[in-house]
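To start, the structure itself, in structure tokens.
The values are calculated or read from the model by the stated rules, or taken from the named source; none is laboratory data. All figures in this text were calculated on a predicted structure; none of them were measured in a lab. Note that we place each Cβ from the backbone using ideal geometry, even for glycine, and neighbour counts take in every protein chain shown. Side chains are part of the model used for accessible areas, which takes the heavy atoms of the whole protein and leaves out ligands, DNA and RNA. Shrake-Rupley method; radii C 1.70, N 1.55, O 1.52, S 1.80 Å.
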Amino acid sequence: MNSNVFRMPARRSAALAAAAALVAGPVVLAAPAQATGGAGASGGKGKAGAVVLRTGLDVSLLNKSVQVPLRAALNEVQAPADADRTALTVELDGVDQGKPFTVLRADVATARATVDEERAEGYANIAHAKVHVPGLPLLSLIEVKEVTSKAVCEAGAKPVAESNLLGAVTVLGKKVTLSAGGPTRVEVPGVGEVTLDLSQTRTTSRTAAATALELRVAVNPLKLNVADVQGTVTLAEATCEAPAAPVKQEQPAPEKEGVVPQTAGEPVAENLAETGGSSTTPYLAGGAVLLLAVGGGSLVLVRARGRS
């Protein structure tokens with residue numbers, strides 16, 4: 001028998017191996033996409049506060065023989081938790097011959113502080129309010145129809161602070177017109193002097209504060225039991241601090257699959273890698289076809305000789 005018969009299995013094996021390589025093609029491994037950036041948790045909690053009235057007065061009784069600090073706050077609230085207070089009066093003991101002394105009385109007195117993951121807000125409102133200091137039982141230090149302050153701080157946004165004053169203001173019995181351009185001074189002979197600052201607001205990149213009215217008081221009534229009252233009175237104050245903006249996760253752009261467009265004159269082989277093949281693919285295909293043809297021809301020739 002011809003020796004080609006013994007070579008036939010080897011040739012058929014080579015042809016089949018080449019065909020299998022052509023069908024399977026090259027294996028491409030893609031690494032999984034990786035997310036960048038930290039977790040989207042807030043970097044800090046917000047804060048808010050509000051107060052209807054705050055006093056920082058030093059009272060000298062009986063010809064300055066007795067010093068009494070008058071520190072009071074009405075409806076002062078703080079958050080992160082929601083808080084809301086609406087008390088209408090604040091009283092002090094020990095400054096009016098042992099009897100309770102009413103510093104403020106109002107028809108409406110609201111302070112509210114609210115904080116959540118995205119926003120912090122402080123709010124204070126007073127309506128039809130009268131403020132008194134020791135030694136002036138019949139004369140109000142100040143009377144206001146309505147004042148409001150609001151401070152809003154949102155994560156990633158510019159904080160906002162605003163105060164509003166509605167209606168007339170009376171200081172030591174005098175109706176006054178307040179100016180936002182600077183302090184207003186009111187002096188009453190034989191009673192004292194009050195300097196008022198209207199609608200003070202302050203903001204930073206994450207905080208805001210608003211005060212409707214701030215009074216600097218210097219009262220020294222003649223022939224009364226109180227020799228001197230010095231200090232400050234604040235009406236309708238609101239503050240806030242914004243929660244930290246969440247850190248955004250950066251996702252990589254998805255990989256696009258498909259044939260990359262070619263320009264004229266660009267070799268096809270250089271772009272085969274973009275479609276998942278390689279530059280040797282045409283040669284492998286040609287070799288496989290050639291081996292299949294040779295193997296098939298050899299098989300036919302051997303069978304013909306065997307019949308003869």
message = I need every pair where a residue in segment 154-182 that is within 18 Å of Thr211 (Cβ to Cβ) and modelled with pLDDT of 95 or more has its Cβ under 8 Å from the Cβ of a residue that is of a type in the set (Phe, Trp, Tyr) and open to solvent by 80 Å² or more (accessible area, probe 1.4 Å), sequence separation at least 6 or different chains.
response = none
request  = Inspect all residues belonging to segment 217-227 and state whether any of them is at pLDDT 90 or above, among the small types (Gly, Ala, Ser) and in contact with a Lys or Arg (Cβ under 9 Å, 6 or more places away or on another chain).
outcome  = no
task = Considering only segment 55-71, state which residues are modelled with pLDDT under 85, part of a strand (DSSP E or B) and of a type in the set (Gly, Ala, Ser).
result = Ser60
ask   = Residues Ala168, Ala120, Ala155: which one is open to solvent by less than 10 Å² (accessible area, probe 1.4 Å) and of a type outside the set (Ser, Thr, Tyr)?
value = Ala120
inquiry  = Contact list please: Cβ distance under 7 Å, first residue in segment 230-249 and open to solvent by 20 Å² or more (accessible area, probe 1.4 Å), second residue among the basic types (Lys, Arg) and modelled with pLDDT of 90 or more, pairs at least six apart or on different chains.
reply    = Thr232/Arg216; Glu237/Arg54; Glu241/Lys47; Glu241/Arg206
task = Taking the residues in segment 123-152 that are open to solvent by less than 20 Å² (accessible area, probe 1.4 Å) and without any contact (Cβ under 8 Å) to a residue 60 or more places away in the chain as candidates, determine which candidate is nearest to Gly231 (Cα to Cα).
result = Ser140
inquiry  = I'm trying to understand the selection: among the residues of segment 106-148, which are of a type in the set (S, T, N, Q) and under 35 Å from the mean Cα position of the chain (by Cα)?
reply    = Thr110, Thr114, Asn125, Thr148
request  = Only residues that are among the aliphatic types (A, V, I, L, M), within 17 Å of Thr148 (Cα to Cα) and open to solvent by 10 Å² or more (accessible area, probe 1.4 Å): list them for segment 184-208, please.
outcome  = Leu198
